[in-house]
Every structure is written in C-alpha cells, then in structure tokens.
Amino acid sequence: MRYFVGLGSNLGQRAVNLAQALVHLSRLSGLRLRRASSVYDTEPVGITDQPRFFNMVVEIDTEAVPEKLMADLLAIERAMGRTRDVRWGPRLIDLDLLLWDGPLVVGAEVQLPHPRLLERPFVLIPLAEIAPDVLLPDGRQAAEAASSDPSVVPAGSLSV
C-alpha cells in the first residue's frame, strides 16, 4: 500500500534529524522508501515564536495498516527523543501520515487523509514535488493545490 509521510524538525541539526528519521523508516520491516521530496525551510504554524522548520514528504510502500504504521512513526519519534510537551511547539522530529491509497480512516490515533493537509503549504508543496497527480481530499491534484508560498523556501535535498 502506498502512503505519504510528512517529516519535520525545528530543533538541533534539522537536516541531520530528517536524515536519521529516513534511516529509521528504511529499517521498518516490510517498508520501502520510494521517493523523497526536497527539504523546505518553513515558518512554524500555531506557535510562531519558535525556530523555523525543515520539512519534507516521502512516499513509501508497506503492507502495514494505518494504525500499525502510525505506531511505528510514533516509536521513531520517541527513539529520536521527541517529547510532546506543547501542541504545535518545537520538536526534534515530527512524522505525520498524510495520505494513503486506502479508504478514509477516522480513528482515535489515525485520520487519513490528514485532517489539516489542505491547510499546510509546508506539506502540499513537497507532496506535489514527488506526486503531482495524487488526488487530495477535495478532489484536486496535489500540483493544483500546491501554490507557491513565501513561507516555504527550498533548502536542498537528502538522498533516500
């Protein structure tokens, strides 16, 4: 099953944190990293008095159900030292399930598509980079929904 995962970091060495998260993802049993977007330097959302983020999106293949994959993503966050003290606060690493090829999922731990996907240029722009034709919850393709945004600045790339 195809999934899209958003990665973000605004504490410590942001690019190193993203690269380490990719290594952790690649080690998950039965998971294959297919594509990775460029890294984007982005403004924080919610609490704006914090460092800027590095964000990217990866496409993965796995047979894991969304709940299992979400548990794996949370385990990676914990292993890397993520704490959840303040909602939308600074974080060493953030891993979000954005979309998948399956049906709508509305659960306590997982919602797919991500409920705020369409409000977040910092994931729409990298998503459109690697999957411009993927359909979003509103019926548009990612490339159509991802308009340029001055708060989302290309910052380089990481190899997958």
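The values are calculated or read from the model by the stated rules, or taken from the named source; none is laboratory data. It should be emphasised that the depicted structure is a prediction, and the values quoted were computed from it without experimental measurement. Note: ideal-geometry Cβ built from the backbone for every residue, glycine included; neighbour counts use all protein chains shown.
Only residues that are in a loop (DSSP other than H, G, I, E, B) and farther than 24 Å from residue 158 by Cβ: list them for region 120-142, please. So that I can check it myself, show each step before the final result.
Taking region 120-142 first, the residues in a loop (DSSP other than H, G, I, E, B) are 120, 131-134, 136-140.
Answer for region 120-142, where residues must be in a loop (DSSP other than H, G, I, E, B) and farther than 24 Å from residue 158 by Cβ: 136, 137, 138, 139, 140.
Determine whether residue 98 is of a type in the set (A, V, I, L, M, F, W, C) and assigned to a helix (DSSP H, G or I).
The answer is no for residue 98.
Between a first residue in region 1-16 that is within 14 Å of residue 89 (Cβ to Cβ) and a second residue that is of a type in the set (A, V, I, L, M) and not in a strand (DSSP E or B), which pairs have beta carbons less than 7 Å apart while being 6 or more apart in sequence or on different chains?
9/18; 9/92; 9/93; 11/92
Of all residues in region 1-60, which are modelled with pLDDT under 95 and in contact with a strand residue (DSSP E or B) (Cβ under 8 Å, 6 or more places away or on another chain)?
43, 44
Confirm whether residue 35 is in contact with a Ser or Thr (Cβ under 8 Å, 6 or more places away or on another chain) and surrounded by fewer than 22 Cβ atoms within 10 Å (Cβ to Cβ).
Values: in contact with a Ser or Thr (Cβ under 8 Å, 6 or more places away or on another chain): no; surrounded by fewer than 22 Cβ atoms within 10 Å (Cβ to Cβ): yes.
For residue 35, the condition - in contact with a Ser or Thr (Cβ under 8 Å, 6 or more places away or on another chain) and surrounded by fewer than 22 Cβ atoms within 10 Å (Cβ to Cβ) - is not met.
Do you know which residues across region 122-142 are touching a residue at least 40 places away in the same chain (Cβ under 8 Å), surrounded by 23 or more Cβ atoms within 10 Å (Cβ to Cβ) and closer than 18 Å to residue 112 by Cβ?
123, 126, 127
Inside region 78-96, can you point out the residues that are surrounded by 12 or more Cβ atoms within 10 Å (Cβ to Cβ) and β-branched (Val, Ile, Thr)?
Passing the criteria: only 93.
Any chance you could count how many residues in region 30-43 are within 21 Å of residue 14 (Cβ to Cβ) and either small (Gly, Ala, Ser) or within 14 Å of the chain's Cα centre (by Cα) (or both)?
Qualifying residue count, region 30-43: 9.
Across region 47-80, which residue is nearest to the chain's Cα centre (by Cα) among those that are free of Cβ contacts under 8 Å to residues at least 12 places away in the same chain and in a loop (DSSP other than H, G, I, E, B)?
65
Yes/no per residue for (1) charged (D, E, K, R); (2) in a loop (DSSP other than H, G, I, E, B); (3) within 14 Å of the chain's Cα centre (by Cα):
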position	(1), (2), (3)
3	no, no, yes
28	no, yes, no
82	yes, yes, no
91	yes, yes, yes
118	no, no, yes
